[in-house]
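Colleague: Could you have a look at this structure, given as structure tokens, before my questions?
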């Protein structure tokens, strides 16, 4: 399973996350696995679909990052904003987030932790961490791009 996820995602950490999430999903549907003709095929299909979903989310997130970068690069007041002002703008946007989202953003980007590590440390599920990050990104985009 790990090799298949690695081939699709091209990232060790994401592949590990995908395999673990697949096992979580299979565990939740364990009662159905015994009734299936090909539980191994179902497992691999679940993994493949999860990997594709992860790629789609990453592509969507990259689209937002590119849009933010484009606005940032072509910002009309770009000459008047120095690095310190930009930093303060981002800092203020992060400070406006709910405490749990602030904590997860800090763990992800300051401490460079994976989603799996954040989930272990906070006691939240990886899905919950991903949801909180998505909400934080949306809030940050709204506060930074369109203040």
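The values are calculated or read from the model by the stated rules, or taken from the named source; none is laboratory data. For clarity, every value in this text was computed on a predicted model and none was experimentally measured. Don't worry about glycine lacking a Cβ; one is built from the backbone with ideal geometry, like all the others, and counts go over all protein chains shown.
Colleague: For the subset of the stretch 94-122 comprising residues that are touching a residue at least 60 places away in the same chain (Cβ under 8 Å) and not in a loop (DSSP other than H, G, I, E, B), which member is surrounded by the most Cβ atoms within 10 Å (Cβ to Cβ)?
Modeller: Taking the stretch 94-122 as the starting set, the residues that turn out to be touching a residue at least 60 places away in the same chain (Cβ under 8 Å) are 114-116.
Filter once more, so that each one left must be not in a loop (DSSP other than H, G, I, E, B): 115-116.
On the way: 115: 23, 116: 16.
Top of the filtered list is 115.
Colleague: I'm trying to understand the selection: among the residues of the stretch 2-46, which are within 23 Å of the chain's Cα centre (by Cα), part of a loop (DSSP other than H, G, I, E, B) and either modelled with pLDDT of 90 or more or at negative phi (or both)? It would help to see each step written out before you state the result.
Modeller: So in the stretch 2-46, the residues within 23 Å of the chain's Cα centre (by Cα) come out as 2-28, 43-46.
Subsequent filtering for residues that are part of a loop (DSSP other than H, G, I, E, B) retains 10-11.
Across the stretch 2-46, the qualifying residue is only 11.
Colleague: For residue 60, only one of the following conditions fails: (1) surrounded by 13 or more Cβ atoms within 10 Å (Cβ to Cβ); (2) within 16 Å of the chain's Cα centre (by Cα). What is its number?
Modeller: Unmet for residue 60, out of (1) surrounded by 13 or more Cβ atoms within 10 Å (Cβ to Cβ); (2) within 16 Å of the chain's Cα centre (by Cα): (1).
Colleague: Filter the stretch 75-93 for residues that are assigned to a helix (DSSP H, G or I) and either at pLDDT 80 or above or under 14 Å from residue 144 (Cβ atoms) (or both) and give the result.
Modeller: Keep residues of the stretch 75-93 that are assigned to a helix (DSSP H, G or I), which gives 83-93.
Listed by number, the residues that qualify are 85, 86, 87, 88, 89, 90, 91, 92, 93.
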